Amino acid sequence: MKIVIAGGHGKIALRLERLLGADAVGLVRNPAHVADVEAAGARAVVLDLESATVDEVAKVLEGADAAVFAAGAGPGSGVARKDTVDRAASVLLADAAERAGVRRFVQISSLGAGRPSASGSDEVWAAYINAKTEAEDDLRRRDLDWTILRPGGLTDAPGMDRVRLAPQVPRGTVPRDDVAAVIVALLAEPGTAGLTLELVSGDDPVSSAVASILG
């Protein structure tokens, strides 16, 4: 298999690459990050999604089984980059997936997306949520086998393989380890296509949580 991961040096992406190993291709914009992606067992491709063309991204996606959007502007970024990364880069990856004939697409969004930002929210946080919401809306309009995953607050605590996964969950946190494990399970279950799922820590093993979604 070949799984292309946008935002390949991100904290979730590196964990996902360790789980997928040689099946993973991590897209990074900084050549200095190649070694970290390779150390995770994946192949790295230097490609800046803020400046790349659809054809350039589609070329990397050729022959892939799935694309995962795990990119984000990250802490310290301003309003403008929330749009160019969290929204526009997801749109670009989806455009390229369509062009390359890659139907399976998993988008990492955020708990809170799909709802108006709370009154009085920090403008950068509001821009982030709005960008994630617009990226989700764009993906839902496409003829792709997409799954949208909205994790809660992300932590670096060790994964516990205990999660709560559903179309709607209470606010909470979840280790990045468990987010990566859920993505692997979603990629393996084509029946989760067309679903928007929220994720926080809970009581169910990842395999059981995904199986329950499938009924």
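The values are calculated or read from the model by the stated rules, or taken from the named source; none is laboratory data. All values derive from a computational prediction rather than experimental measurement. As a convention, Cβ positions derive from the backbone with ideal geometry for all residues, glycine included, and neighbour counts pool all protein chains shown. These accessible areas exclude ligands, DNA and RNA; they are computed on the full protein's heavy atoms, side chains included. Shrake-Rupley method; radii C 1.70, N 1.55, O 1.52, S 1.80 Å.
Summary of values
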| item | result |
| --- | --- |
| Top-ranked residue of the stretch 94-115 - restricted to ones that are part of a loop (DSSP other than H, G, I, E, B) and open to solvent by 30 Å² or more (accessible area, probe 1.4 Å), ranked as nearest to residue 195 (Cα to Cα) | 103 |
| Given (1) over 21 Å from residue 191 (Cβ atoms); (2) touching a Ser or Thr at 6+ places or on another chain (Cβ under 7 Å); (3) open to solvent by less than 10 Å² (accessible area, probe 1.4 Å), number of the condition residue 57 does not satisfy | (2) |
| Tally, over the stretch 68-90, of residues that are outside any loop (DSSP other than H, G, I, E, B), among the hydrophobic types (A, V, I, L, M, F, W, C) and closer than 17 Å to residue 28 by Cα | 5 |
| Where a residue in the stretch 1-26 is over 22 Å from residue 74 (Cα atoms) and its partner, wherever it lies, is part of a helix (DSSP H, G or I) and open to solvent by 40 Å² or more (accessible area, probe 1.4 Å), with Cβ under 7 Å and at least six apart | 1/23; 2/23; 3/23; 19/184; 20/184 |
| Options 68, 91, 46, 85: the member that is under 24 Å from residue 198 (Cα atoms), of a type in the set (Val, Ile, Thr) and surrounded by fewer than 18 Cβ atoms within 10 Å (Cβ to Cβ) | 91 |
| Residue pairs meeting the criteria (Cβ under 6 Å; at least 6 apart or on separate chains; first surrounded by fewer than 18 Cβ atoms within 10 Å (Cβ to Cβ), in the stretch 195-209; second not hydrophobic (A, V, I, L, M, F, W, C)) | 195/147; 203/162; 205/161 |
| Qualifying residue in the stretch 116-139 (condition: in a loop (DSSP other than H, G, I, E, B), closer than 22 Å to residue 90 by Cβ and under 19 Å from the mean Cα position of the chain (by Cα)) | no |
| Residue list for the stretch 140-178, filter: part of a strand (DSSP E or B) and open to solvent by less than 20 Å² (accessible area, probe 1.4 Å) | 147, 148, 149, 151, 163, 165, 174, 175 |
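Residues checked against (1) at pLDDT 95 or above; (2) under 28 Å from residue 126 (Cα atoms); (3) touching a Gly at 6+ places or on another chain (Cβ under 9 Å); (4) charged (D, E, K, R):
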position	(1), (2), (3), (4)
9	yes, yes, yes, no
24	yes, no, yes, no
42	yes, no, yes, no
56	yes, no, no, yes
61	yes, no, yes, no
77	no, yes, no, no
